[in-house]
Every structure is written in structure tokens, then in C-alpha cells.
1. May I ask you to say which residue of Y253, Y329, Y263 is touching a residue at least 60 places away in the same chain (Cβ under 8 Å), more than 20 Å from Q219 (Cβ to Cβ) and hydroxyl-bearing (S, T, Y)?
2. How many residues are open to solvent by less than 40 Å² (accessible area, probe 1.4 Å) and touching a residue at least 12 places away in the same chain (Cβ under 8 Å) when one looks only at region 112-146?
3. Looking at region 225-232, is at least one residue touching a residue at least 24 places away in the same chain (Cβ under 8 Å), open to solvent by less than 40 Å² (accessible area, probe 1.4 Å) and in contact with a Cys (Cβ under 7 Å, 6 or more places away or on another chain)?
4. Does V53 satisfy the criteria of being surrounded by 14 or more Cβ atoms within 10 Å (Cβ to Cβ) and assigned to a loop (DSSP other than H, G, I, E, B)?
5. So which of A68, A29 ends up being part of a helix (DSSP H, G or I), modelled with pLDDT under 55 and surrounded by 14 or more Cβ atoms within 10 Å (Cβ to Cβ)?
6. Mind listing whichever residues of region 175-194 are part of a loop (DSSP other than H, G, I, E, B) and open to solvent by less than 30 Å² (accessible area, probe 1.4 Å)?
7. From the residues in region 262-304 that are at pLDDT 95 or above and of a type in the set (K, R), which one is nearest to the chain's Cα centre (by Cα)?
8. Failed condition for H207, given (1) out of contact with any helix residue (DSSP H, G or I) (no Cβ under 9 Å at 6 or more places or on another chain); (2) within 24 Å of I298 (Cβ to Cβ), with all others met?
Amino acid sequence: MEHQLKVVPPAEPLPRVSRSHSLVSNDSAQRSFHIIDDEAVKEQKQKELNNKVEQLLLSQIKQGDANAQFQLGQFYFEEEAYDEAAVYFQRSVDQCRDYQAMFQLGIMYYDGLGVKENHKLGFESMMKVASSSSKRAKHLVPFAQYNVGRAYFEGYGVKQSDAEAEKWWLLAADDGNPHASIKAQTVLGMYYSRDWSLDLKKAFFWHSEATGNGSLESQGALGVMYETGQGCSKNTDSAFECLKEASERGNVYAMGNLVAHYYGKKLYTKAAELAARVSQLDDFVELSKTTDCLPVFIAKGIALGSFFYARCLHMGHGVKKEKDLAQKYYSRAFEFDGSTTQRLQGRVTHGEI
């Protein structure tokens, strides 16, 4: 199974927090920005707005508003003023046992943001949230549980344990609950695709649940499982639907596999057109940020697109035959993912492509 867990997806961030204590309406501020064309003026207006928010929260803290400690910490965190954020998150934990602040401190200790990197403290902070029965922590628990599982899987701040990682991810996934951690559902699909924990029926179940809950990463993986009949009955119609929709949403791995699907159906013009687009992609970091998909699978998608574009150029399928240009894209495919390219070349040798 190709879509297996080798690199763990990023940590779950804190669920989006609204600045409910702000006297300044962000909506009205944004509306006023639309009629300002000068970038310098926009920047100044934003600074003024931020200053008002900061001063308001500082004033509320002086008046004894305990919740404002976290709000100010979050304000600084979003502004990437991590030193200040750490101070107010810690105060919020000490004075109010604020679980949101505790969650954020866990992230900051893991990544060394505003504090000295300390995986043990990060794990301990996240575990307090993950194991809490407090109503104030309920909305955070699945996301903290995912992060605890991630820590166990990587051995960050705690002894590495696949069994513990699996346990916490199962808790976080909550049997496919759409309000639980969708990342945990996706990562379980990958986890059960590994040679060491192989159970393709479970992998199919979790990728199906995650896809139903909106996971773009899982949707691409699910399309491949339908295409190959792994963990499910082979279903080319379902495979096409998953791969096409995931491609339209920006999943590069799905795009590469959709190219392979078109090529296998001898829809060479469609294969060549999509492959030409995919083969030009190269910014892993930006693509990963915008799609929340792992770079390793983005690389596989580009390799697939490049290889099949090379094959189209080599054979004159859907495009003018250009063998020299084909060689360039064969090389590009190998550059992005050598093992995928070798596997495809083997299929060519055996007359399967």
C-alpha cells in the first residue's frame, strides 16, 4: 500500500478562537479596508486596529478579567509575538487553569516558540488537556489526543510507542465523529496501511470516515484504494469520483493518480493535459500549506504526473511525439520520487503501461 504512514502529519492547532472581547469589529474594519488602495495606509490601519485590541485587553486584565489573559496571549500568538504570548498563556494557566492556554503552551514547547524547546513539557501540557474531564476542555480534547498520539509515534517528550500512538489516535478519531479529530481519522488510515500494522480493511474504513468529514488527504488515498481494490472491492467509478473531486480540491497525489486512471482508460488527451499541469508543480512547502497534505505524497503525485507526461510524449499519446522532451520528464519523475518511478518503469517493461 503506497499511502502509508512514514511521516506524521502536522500537529493539530488550537480550534479557531474568536476575539470576543474586542471593541473593534473586524468585519467593519475589513469593509473599510476594501476602499483603501494604498498598501501603506492599509498597513497603518491594521497597526492601529491591533494597538486598540492590545490596549483593550491590557485594560481588561487590570480590571480583573481573568479570561483576558488568554485572549491577550492568543492575540500575541497570532501576531507571532511568541515571547509575550508565552507569558500570558502561562499566567492564564496559573490563575485560571485555562485549557486553551495549556494547549497553546504544549504547542509552543514542542516547537520552541517563545520558550526553550522542551518536548517533555510540551507532552505534559498536552496530556493534561487530552485526559481532562472538565467541561471547559471538552472541545479541545480530541485535538489534544491526536497530538499526544503524534508524540508517542515520534517519541517526542515520551518513550516511542506505536501501541500508545494507536490508542490515542483511536480516542481522538471517536469512531468517525465529524466533531472529533479528522486528522486522527486520516492518520489511522495511513497507520493501518503500513507493513508493521497492516490492516487494509481498517485503513479503508478510516479513510472513508475522514473523507466523509472533509479530509482532502484521505480522499486521494481512498480513490487509490478503490482503483486498486485494497481493503475494498475494486470500483473504478468510485475511484474516479474520489480522485476527480480530490484533484479539483488541490490534492496533488490525487491528480497524479487521476492521470494514471485516464492513461489506463486510454483517454490520452485528458491524461496528457492533466499530466502537463502536474509535472510543472514543485513548491512542496506552499502546496502542503494550502492543501494540508503531506509533502511526501505531493512528491509522489508530481512523479506520477511527470512519468505519464513523459510516456505521452514518448509514444505520441494525446500530444506530439517528442522523445528528447520525454526523457526530461522521465528524469523529473525520478527526481521527485525514485521508487514510484522505478515501479512505473517496471510496469512498462512488463507491458502493463
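The values are calculated or read from the model by the stated rules, or taken from the named source; none is laboratory data. Computed from a prediction, not measured in an experiment: that's the story for all the values here. Neighbour counts are summed over all protein chains in view; Cβ atoms, including those assigned to glycine, are modelled from backbone coordinates with ideal geometry. Accessible surface is based on the protein model in full, side chains and every heavy atom, while ligands, DNA and RNA are left aside. Shrake-Rupley method; radii C 1.70, N 1.55, O 1.52, S 1.80 Å.
1. Y263
2. Initial filter on region 112-146 (open to solvent by less than 40 Å² (accessible area, probe 1.4 Å)): 112, 114-115, 122-123, 125-126, 129-130, 132, 134, 137, 140-146.
Next cut, touching a residue at least 12 places away in the same chain (Cβ under 8 Å) only: 114-115, 122-123, 125-126, 129-130, 132, 134, 137, 140-146.
Matching residues across region 112-146 total 18.
3. Within region 225-232, one or more residues are touching a residue at least 24 places away in the same chain (Cβ under 8 Å), open to solvent by less than 40 Å² (accessible area, probe 1.4 Å) and in contact with a Cys (Cβ under 7 Å, 6 or more places away or on another chain).
4. Values: surrounded by 14 or more Cβ atoms within 10 Å (Cβ to Cβ): yes; assigned to a loop (DSSP other than H, G, I, E, B): no.
For V53, the condition - surrounded by 14 or more Cβ atoms within 10 Å (Cβ to Cβ) and assigned to a loop (DSSP other than H, G, I, E, B) - is not met.
5. Numbers: A68 fails: modelled with pLDDT under 55.
On inspection, the qualifying residue turns out to be A29.
6. A180, S181, Y192, S193, R194
7. Only one residue tops the list, namely K300.
8. If we test H207 against (1) out of contact with any helix residue (DSSP H, G or I) (no Cβ under 9 Å at 6 or more places or on another chain); (2) within 24 Å of I298 (Cβ to Cβ), just (1) comes out false.
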